[in-house]
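S.K.: Structure provided below as structure tokens; questions to follow.
Each reported figure results from applying straightforward, stated rules to the coordinates on display, with no laboratory input. All values derive from a computational prediction rather than experimental measurement. Cβ placement follows ideal geometry from the backbone for every residue including glycine, while neighbour counts extend to all protein chains displayed.
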Amino acid sequence: MPPRIVPILDRLRQDQSEHLTRQAIEEACRQEGYTWRKRLLDPVVTVYLFLLQILHGNTACSHVVQFGRWTFSDSAYC
């Protein structure tokens, strides 16, 4: 990875946790009229996983499942 990219990615990781709070994501979904059930892959988890996927070089969905101790399949995330 080019050296200039590392500080940018570090900043994005910090900004993600600071600005994309659970409340902010849920409120944005409500404003758009989106409804969801309480599940593992709720909007907040899905947004966080998507950002991690992008920050890891737009890795495959099957790799996203391996970011943590998840109990869902790559097709469920996809």
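S.K.: Go through the range 62-76 and give me each residue that's more than 11 Å from Leu41 (Cβ to Cβ) and aromatic (Phe, Trp, Tyr).
M.R.: Selection gives Phe67 alone.
S.K.: Can you pull out the residues in the range 40-54 that are more than 8 Å from the chain's Cα centre (by Cα), surrounded by 14 or more Cβ atoms within 10 Å (Cβ to Cβ) and either assigned to a helix (DSSP H, G or I) or at positive phi (or both)? It would help to see each step written out before you state the result.
M.R.: The initial filter retains those residues of the range 40-54 that are more than 8 Å from the chain's Cα centre (by Cα), namely 40-43, 54.
Retained after the next criterion (residues that are surrounded by 14 or more Cβ atoms within 10 Å (Cβ to Cβ)): 42-43.
Within the range 40-54, just Pro43 meets the criteria.
S.K.: Working only within the range 58-76, note down all residues that are closer than 18 Å to Asp10 by Cα and surrounded by 11 or more Cβ atoms within 10 Å (Cβ to Cβ). Steps first, answer last, please.
M.R.: Keep residues of the range 58-76 that are closer than 18 Å to Asp10 by Cα, which gives 58-59, 67.
Within the range 58-76, Thr59, Phe67 qualify.
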